[in-house]
1. Name the pairs whose Cβ atoms lie under 8 Å apart, with the first residue in the range 204-219 and touching a residue at least 24 places away in the same chain (Cβ under 8 Å), the second among the hydroxyl-bearing types (Ser, Thr, Tyr) and open to solvent by 10 Å² or more (accessible area, probe 1.4 Å), and 6 or more positions between them or separate chains?
2. Return a yes/no flag: does the range 198-209 have any residue that is under 42 Å from the mean Cα position of the chain (by Cα) and over 17 Å from Ile231 (Cα atoms).
3. List pairs: first residue in the range 128-151 and farther than 21 Å from Trp247 by Cα, second residue surrounded by fewer than 19 Cβ atoms within 10 Å (Cβ to Cβ) and among the basic types (Lys, Arg) anywhere in the structure, Cβ distance under 6 angstrom, at least six positions apart or on different chains.
4. Taking the condition of being part of a strand (DSSP E or B) and surrounded by fewer than 16 Cβ atoms within 10 Å (Cβ to Cβ), how many residues in the range 147-169 meet it?
5. Which residues, taken from the range 107-146, are open to solvent by 70 Å² or more (accessible area, probe 1.4 Å), modelled with pLDDT of 95 or more and within 23 Å of Asp184 (Cα to Cα)?
6. Would you confirm whether any residue within the range 173-194 is part of a loop (DSSP other than H, G, I, E, B) and surrounded by 20 or more Cβ atoms within 10 Å (Cβ to Cβ)?
Amino acid sequence: MSISGDSPSTISSASSSRRPTGRLQRLLVAVSVVLAVAALALAATSTVIALQTAGEVDAMTAPDGGDGGSEPGAEPTIEASATPDRPEPTGLPDDVPSVDPTAQPTLDAQTQYAVHYPQQPLTLRVSGTNDSMHADLDEPRADVPSSEADITLRAGYSNAPANLVLGRDVRGSKVDAPGLTPHDCSERIRIAPLGAEAQVPVQQGVVLCLWTSRAAAVNSGRAQLVVQLEITGVSPDGEVSLRMDAWKIPG
């Protein structure tokens, strides 16, 4: 008895043609694994490149000397600048210019001198163990400490006459006669000065033009003086009489 339709062998053959074989399945699985690994490797490479790029950008934007460790978006830290050194206070008003104690002001025929004292007498004496006496010409005053001396009367030895000795930084000139103006005195000191701490033999009629110490005047806050000094008398007992005119030097 025969049955119409496909035979079992025909069905089996058709079913086998529709399913991949076991070898093909394994091949497809291997290909899938390879593709998955490649995708992971590509993703990892992209991540590394992105991180490197971000690091380079941070390094380029970081300030010099920075450690690059600040968090993104943090406010930059501004260091306060060092406070500049301030000069030591001088005790003088800001508008008072500094004065060089050794610099003599410029004096000429137009310089205006103010009278400090006119025709002032002063007496110095040396005797016995007191072989010298100092005088300050600013007041004027005799018998002052040596640190305040503008002139010193010093006794002579072995029949030598006594001497007037100029004080430290006092400048002077010996002139022929009294009656000079302060400008004339200053000119004589400029063109015919005595040496530093010069010794002038004491004789009646000797006339000196003097500048008191510029440094001492500046340090004490007093005016520097130009003084015309005349020796008006010399006694045997060692007394020396002086007569002086003084003017303030401007500047």
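1. Gln204/Thr232; Arg214/Thr102; Ala215/Thr102
2. no
3. As it stands, the answer is Ser132/Arg154, since those pairs meet every condition given.
4. Residues of the range 147-169 that are part of a strand (DSSP E or B), as a first pass: 151-154, 163-166.
Next cut, surrounded by fewer than 16 Cβ atoms within 10 Å (Cβ to Cβ) only: none.
The total comes to 0.
5. Hits for the range 107-146 are Val115, His116, Pro118, Gln119, Pro121.
6. Pass one, the range 173-194, residues part of a loop (DSSP other than H, G, I, E, B): 176-181, 192-194.
From what's left, surrounded by 20 or more Cβ atoms within 10 Å (Cβ to Cβ): none.
Scanning the range 173-194 turns up no residue that is part of a loop (DSSP other than H, G, I, E, B) and surrounded by 20 or more Cβ atoms within 10 Å (Cβ to Cβ).
The values are calculated or read from the model by the stated rules, or taken from the named source; none is laboratory data. Since the structure is predicted, the reported quantities are computational estimates derived from the model, not experimental observations. We place every Cβ from the backbone using ideal geometry, glycine too, and count neighbours over all the protein chains shown. SASA here: full protein model, heavy atoms, side chains in, ligands and nucleic acids out. Shrake-Rupley method; radii C 1.70, N 1.55, O 1.52, S 1.80 Å.
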